[in-house]
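Just below is one structure, and these are the notes that go with it.
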Amino acid sequence: MNETNPLAVVTGASSGIGLELARQFAQHGYDLLITAEDAELAAAAAALDDYGTEVHSVRTDLTTFEGVEELHRNITATGRPVAAVALNAGVGRGGAFLDTDLADEQRIIDLNITSTVHLAKRILPAMVEDGHGRVLMTSSIASTMPGPFQAVYNASKSFVQSFAQALANELKDTGVTVTALMPGPTDTEFFERADMLDTKVGTADKDDPAPVAAQAFDALMAGKTKIVAGSVKTRLHGLANRVLPDGAKAQAHRRMAEPGSSDQ
């Protein structure tokens with residue numbers, strides 16, 4: 001890797017917001033270490049090579065303890081400090097809690113929560129020791145509302161949101177900033193993978209991941225603690241969720257996420 005460039009690590013970088021975040025870093029002169037579990041990672045790395053910075057990819061499963069440790073070993077092997085990290089990897093699963101498989105719910109917890117905490121624990125000490133670094137954690141506007149028919153997913157994002165805000169406060173005098181990214185529904189593979197293509201939210205218009213990532217990058221570089229990123233509609237939704245009661249937000253979420261709601 002080019003030692004004249006800062007190094008950024010991006011998880012969940014094979015597509016969607018993660019790929020666009022990696023693109024933002026590359027466009028701004030960062031070398032990259034990107035990771036995901038799927039075969040699309042190779043194509044993502046090839047596309048990012050076009051920006052002239054160095055790209056190293058690590059295909060690993062961050063739902064496992066060993067997968068996270070493998071990623072950290074690869075980060076350490078660069079011999080370089082991590083200037084920025086986007087803890088973006090995440091997964092969802094739609095459907096009624098009583099109908100979904102426990103394995104699917106456990107995967108959400110393992111990736112969205114456990115891997116985020118695990119990687120933060122591995123990466124943050126060196127950043128703090130160096131006295132500088134920027135951390136982005138992909139939460140969601142879903143973190144602000146109960147999520148009928150996405151109960152575990154929304155709860156996992158509420159954890160990430162709280163975790164990011166707590167660390168931002170803990171580290172405020174260290175030179176390390178932590179930013180929570182809160183996108184709304186975005187045009188990625190998320191809804192297909194979550195088996196939600198028969199829902200209103202799955203079939204509705206969604207935000208473009210490129211401007212979501214651009215807004216997130218700007219907020220990260222500015223050291224903001226959080227950003228609701230996306231369209232004006234998404235940002236207004238974020239503002240409304242500050243004042244609406246939980247019961248109203250839960251009912252609204254039900255109308256958008258209930259299986260079969262796309263036909264209603």
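The values are calculated or read from the model by the stated rules, or taken from the named source; none is laboratory data. Not measured: the values here are computed from a predicted model. Here the Cβ positions follow ideal geometry from the backbone for every residue, glycine too, while neighbour counts run over all protein chains shown. Note: areas computed on protein heavy atoms with side chains; ligands, DNA, RNA excluded. Shrake-Rupley method; radii C 1.70, N 1.55, O 1.52, S 1.80 Å.
Conditions tested, residue by residue: (1) charged (D, E, K, R); (2) within 17 Å of the chain's Cα centre (by Cα).
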position: ALA151; (1), (2): no, no
position: LYS157; (1), (2): yes, yes
position: ASN169; (1), (2): no, no
position: THR174; (1), (2): no, no
position: VAL178; (1), (2): no, yes
position: MET182; (1), (2): no, yes
position: ASP187; (1), (2): yes, yes
position: PHE191; (1), (2): no, yes
position: ASP198; (1), (2): yes, no
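Hey, could you check the stretch 227-264 for residues that are of a type in the set (Lys, Arg) and assigned to a helix (DSSP H, G or I) and say which is farthest from the chain's Cα centre (by Cα)? Taking the candidates together, the pick is ARG255. Mind telling me which of the residues LEU41, LEU62, LEU33 ends up being assigned to a loop (DSSP other than H, G, I, E, B) and either surrounded by fewer than 17 Cβ atoms within 10 Å (Cβ to Cβ) or not β-branched (Val, Ile, Thr) (or both)? After applying the criteria, what remains is LEU62. Contact annotation: residue pairs with Cβ atoms under 6 Å, 6 or more positions apart or on different chains, pairing a residue in the stretch 82-105 that is closer than 17 Å to THR64 by Cβ with a partner that is assigned to a loop (DSSP other than H, G, I, E, B), are ALA89/GLY12; ALA89/LEU62; ASP104/ARG93. Residues of the stretch 142-191 that are out of contact with any Ser or Thr (no Cβ under 9 Å at 6 or more places or on another chain), under 21 Å from ALA214 (Cβ atoms) and assigned to a loop (DSSP other than H, G, I, E, B): ASP187 alone.
Scoring ASP50 on the criteria (1) surrounded by fewer than 17 Cβ atoms within 10 Å (Cβ to Cβ); (2) modelled with pLDDT of 95 or more leaves a single failure, condition (2).
If you scan the stretch 70-81, which residues turn out to be without any contact (Cβ under 8 Å) to a residue 12 or more places away in the chain and either open to solvent by less than 40 Å² (accessible area, probe 1.4 Å) or not polar (S, T, N, Q) (or both)?
Filtering the stretch 70-81 down to residues without any contact (Cβ under 8 Å) to a residue 12 or more places away in the chain leaves 73, 76-77, 79.
Matches in the stretch 70-81: ARG73, ALA77, GLY79.
Annotation: of all residues in the stretch 70-110 being touching a helix residue (DSSP H, G or I) at 6+ places or on another chain (Cβ under 8 Å) and in a helix (DSSP H, G or I), the one that is nearest to VAL9 (Cα to Cα) is ILE75. The requirement of being open to solvent by less than 20 Å² (accessible area, probe 1.4 Å), closer than 20 Å to LEU111 by Cα and part of a strand (DSSP E or B) is fulfilled nowhere in the stretch 12-27; no residue meets it. From the list HIS132, HIS118, the one residue that fits, being closer than 18 Å to GLU170 by Cα, within 18 Å of the chain's Cα centre (by Cα) and touching a residue at least 24 places away in the same chain (Cβ under 8 Å), is HIS118. Just one residue in the set ALA89, ALA84, ALA96 is exposed (fewer than 14 other Cβ atoms within 10 Å of the Cβ), modelled with pLDDT of 95 or more and of a type in the set (Gly, Ala, Ser); that residue is ALA96.
So which residues in the stretch 99-109 are under 24 Å from ALA216 (Cα atoms) and open to solvent by less than 40 Å² (accessible area, probe 1.4 Å), if there are any at all? Quick ask: steps written out before the conclusion?
Kept after step one, since they are under 24 Å from ALA216 (Cα atoms), are these residues of the stretch 99-109: 108-109.
Scanning the stretch 99-109 gives a single hit, ILE108.
Within the stretch 150-178, residues that are buried (at least 19 other Cβ atoms within 10 Å of the Cβ) have Cβ atoms under 7 Å from residues that are charged (D, E, K, R) in these pairs: VAL152/GLU105; TYR153/ARG93; THR177/ARG134, counting only partners at least 6 apart in sequence or on another chain. The condition of being part of a helix (DSSP H, G or I), open to solvent by 30 Å² or more (accessible area, probe 1.4 Å) and at pLDDT 95 or above holds for only one of ASP198, ASP218, that being ASP218.
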